[in-house]
Amino acid sequence: MTITNNDDLIDLRDVEVEIDELEFDRDEMHYDIDEEHLAALQKLFVDASGYGDSLIRESYFPTYAREYFEETHDAGRDWPFNCIDWGQAAKELQVDYTAIDFEGVTYYAR
């Protein structure tokens, strides 16, 4: 699995696994690896450590906000879910999150 800044959700535990695999391939197997990608993953891991395991891509945040709300409320009906401005809801929910840059793309962690 290759983690990129195109992913909507990133699990920090997967980042750690990929870092370990790349470092092993480089150091023990003597494979040529993408050092820039490794450095980006290492930076992401350091920047996001201490915030929890989930990183949410900014462009995906309205979908995340809706899914979060549906999981925590009675979502068995269309109303009021079809009336909510999920973009605005996402902006308000983001206040509780920290923005983290991953190769030019903003992710949020809490």
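With N the number of residues in the range 54-108, Rg(Cα) / (2.2 N^0.38 Å) evaluates to 1.21.
Based on protein heavy atoms only, the chain ends up with 64 Å² per residue of surface accessible to a 1.4 Å probe. Of the trypsin sites (Lys or Arg not before Pro) found in the range 11-78, those in coil by DSSP whose Cβ has at most 12 other Cβ atoms within 10 Å are 77. Applying 1/(1 + (r/R0)^6) with R0 = 22 Å to the Cβ-Cβ distance of residue 9 and residue 69 gives a FRET efficiency near 0.85. Derived scalar couplings between HN and Hα for the range 62-74 equal x, 5, 4, 4, 5, 4, 4, 5, 5, 6, 9, 9, 6 Hz in order, rounded to whole Hz, by the Karplus curve 6.51 cos²θ - 1.76 cosθ + 1.60 (θ = phi - 60°), x for Gly and Pro. The portion of the accessible surface of the chain made up by carbon and sulfur, rounded to a whole percent, is 47 (1.4 Å probe; DNA, RNA and ligands excluded).
Modelled label positions at residue 101 and residue 88, each set 7 Å beyond Cα in the direction of Cβ, lie 3.1 nm from each other.
Scattering from the chain was approximated by placing one identical point on each alpha carbon and applying the Debye formula without solvent; log10 I(q)/I(0) at 0.14, 0.20 1/Å stands at -0.62, -1.00.
The values are calculated or read from the model by the stated rules, or taken from the named source; none is laboratory data. Since this is a predicted model, take the numbers as computed values, not measurements. Methodologically, a virtual Cβ is constructed for each residue, glycine included, from the backbone with ideal geometry; neighbour enumeration extends over all protein chains shown. Keep in mind that these areas ignore ligands, DNA and RNA; they rest on the heavy atoms of the full protein, side chains included. Shrake-Rupley method; radii C 1.70, N 1.55, O 1.52, S 1.80 Å.
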